[in-house]
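Chemist: Sending over a structure as structure tokens; questions will come in a sec.
The values are calculated or read from the model by the stated rules, or taken from the named source; none is laboratory data. Since the model is a prediction, treat every value here as computed from it, not as a measurement. A quick note on method: Cβ atoms are made from the backbone with ideal geometry, for glycine too, and the neighbour counts reach across all protein chains shown. Surface accessibility is based on the protein's heavy atoms, side chains included, excluding ligands, DNA and RNA. Shrake-Rupley method; radii C 1.70, N 1.55, O 1.52, S 1.80 Å.
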Amino acid sequence: ETWGGASGLVQMDKIDGVSILVTYENGNLSHAELRGEEGIVGSNITPKAKLFLPNYRENVKDYEKIVLRGEISFTDAVAHGYKNRRNATSGVLHRIDDNKHTGLLMVHFYEVVDCLKNHGKEVFATYMDSLAFIRRNMGLNVVNHALVGTHEYANIGPMLVGAYENHKREYYDIDGQVLVPNIYNREDDKLPKGKIAFKIDCETFETEVTRFGIQVSRLGRLQPVVYYNPVTINGATCTKATAFNYGFVEKNLLGLGSKILITRAEEVIPKIEGVVESKGYVLPQHCPECNSVVEWDVNHVHMMCNNSLCPAQAIKFITHYFLSLGLEGYTESSFEKLGVKTIFDVYDLKEEDISKLDGFGVSRAKDIVARVAAT
């Protein structure tokens with residue numbers, strides 16, 4: 001009761017979707033971006049967002065700026081050939097060549113990040129009021145929510161479980177519930193103290209390791225990739241997961257034939273939940289990309305390739321560099337196909353050279369040249 005206060009708590013679905021930050025200026029949708037990885041700005045998806053979000057609302061035109069946070073979900077993924085909503089949503093958003101199925105995306109908002117009017121910052125009396133503003137004034141969808149009074153705190157556990165079990169999953173999937181005090185006091189923090197997320201325990205599946213692969217990061221870290229006998233989780237067939245680092249491999253004696261537990265939780269990529277039976281382990285002696293001798297880092301967590309000319313590190317650095325400048329949509333695979341070795345090679349790309357490569361074409365060649373020139 002001390003945490004929630006006399007105003008109570010707001011209970012909300014924890015949507016298993018793709019996070020989006022949306023900005024409206026004078027009623028117009030001006031910017032939309034996905035959540036980025038740590039240290040990297042999220043992908044700008046404004047053109048796509050305008051296809052599934054309204055652009056103008058008469059009764060909010062006097063607001064200079066409104067910033068909202070929500071979750072995107074594909075309304076009917078299976079009917080359109082996708083295995084699940086999360087993968088469908090991510091696939092549609094990251095497809096840069098067309099807008100197929102974009103109109104089937106739906107956003108449910110759960111937070112007003114900022115709200116400015118001519119008289120200054122809008123302050124809502126309660127969290128419920130902020131959700132009502134999104135729904136009534138802006139005409140947008142909000143996450144399913146309910147007010148929990150102080151007299152109901154004793155039964156909060158069963159209420160959370162009941163909300164999860166009774167969720168109809170008509171428009172989005174959930175992986176838990178969220179509680180927040182019914183006070184509009186937003187914390188600009190990745191882990192806000194005023195919110196508690198209750199994740200539902202996810203089912204794990206036992207399988208056997210069949211082989212190992214290695215990915216080299218742009219910082220030279222060797223990341224072990226574990227391949228295992230296929231398991232089906234939430235409609236998706238899973239065959240591989242990262243083993244985090246070689247410190248984890250060594251500690252858990254993770255090797256060929258080891259029995260492991262795989263889960264998907266809210267992750268797009270499956271992860272190893274635990275090791276049931278160990279079979280020994282083998283550490284790499286050389287970098288798989290440049291054949292340089294590898295060694296442990298100072299903390300004995302990561303095995304490192306310290307060759308600054310390692311091609312795997314170079315292509316990852318180039319990709320990271322241009323993503324940080326706003327060149328979204330071009331991956332490591334794209335730059336590898338373009339044959340670049342340095343950042344300067346990217347600036348030297350010509351339309352006629354790019355258009356001849358498999359998977360690019362004239363329109364995409366013009367796009368990448370123009371966007372590189374603008375960085």
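Chemist: Give, in whole angstrom and from largest to smallest, the semi-axes √(5λ) of the equivalent ellipsoid of the stretch 244-375, with λ running over the eigenvalues of the Cα gyration tensor.
Modeler: On the way: eigenvalues 279, 71, 34 Å².
Gyration-tensor ellipsoid for the stretch 244-375: 37, 19, 13 Å.
Chemist: Turning to a different aspect of this structure: Skip the ligands, DNA and RNA, and give the accessible area per residue of the stretch 266-375 with a 1.4 Å probe, whole Å².
Modeler: Working: 6500 Å² over 110 residues.
Counting only protein heavy atoms, the per-residue value for the stretch 266-375 is 59 Å².
Chemist: Could you tell me how many degrees, from 0 to 90 and to the nearest 10, lie between the Cα long axis of helix 85-94 and the main elongation axis, the longest principal axis, of the Cα atoms of the chain?
Modeler: Helix 85-94 sits at roughly 70 degrees to that axis.
Chemist: Not counting ligands, DNA or RNA, and with a 1.4 Å probe, what is GLU289's accessible surface area in Å² rounded to the nearest 10?
Modeler: 100 Å²
Chemist: In terms of modelled amide H atoms, which long-range or inter-chain residues lie less than 5 Å from the amide H of LYS117?
Modeler: GLU64, GLU122
Chemist: Mind putting a number on the dipole of the chain about its Cα centre? Charges go on the C-beta only, +1 for Lys and Arg and -1 for Asp and Glu, and I need it in Debye to the nearest 20.
Modeler: Working: 41 positive and 48 negative charges, 79 e Å.
Dipole about the Cα centre, nearest 20: 380 debye.
Chemist: In a Debye calculation with equal point scatterers on the alpha-carbon sites of the chain and no solvent, what is log10 I(q)/I(0) at q = 0.07 Å⁻¹?
Modeler: After summing over all Cα pairs, the log10 values are -0.41.
Chemist: Which of the residue pairs LYS251/LYS271; LYS48/LYS168; LYS121/LYS168; LYS100/LYS366; LYS337/LYS366; LYS316/LYS366 have a Cα-Cα distance greater than 25 Å in the structure shown? Before the final figure, lay out the partial values.
Modeler: Details: LYS251/LYS271 17 Å; LYS48/LYS168 27 Å; LYS121/LYS168 37 Å; LYS100/LYS366 21 Å; LYS337/LYS366 16 Å; LYS316/LYS366 23 Å.
LYS48/LYS168; LYS121/LYS168, as the Cα separations exceed 25 Å there.
Chemist: Let me ask another. Could you tell me what percent of the accessible area of the chain is made up of carbon and sulfur, with a 1.4 Å probe and every protein chain present?
Modeler: Numbers: 9890 of 19830 Å².
Carbon and sulfur atoms account for 50 percent of the accessible area of the chain.
Chemist: Enter the angle in degrees (range 0 to 90, nearest 10) between the Cα long axis of helix 361-374 and the first principal axis of the Cα atoms of the chain, meaning the one along which they spread out most.
Modeler: For helix 361-374, the angle is close to 80 degrees.
Chemist: Let me ask something additional. When the gyration tensor of the stretch 50-145 is built from Cα positions, what are the square roots of 5 times its three eigenvalues, in whole Å, from largest to smallest? Kindly include the intermediate steps, with their values, before the conclusion.
Modeler: Values: eigenvalues 178, 43, 21 Å².
Semi-axes, largest first: 30, 15, 10 Å.
Chemist: To the nearest 10 square angstrom, how much accessible area does CYS290 have with a 1.4 angstrom probe?
Modeler: Taking all protein chains as shown, CYS290 has close to 40 Å².
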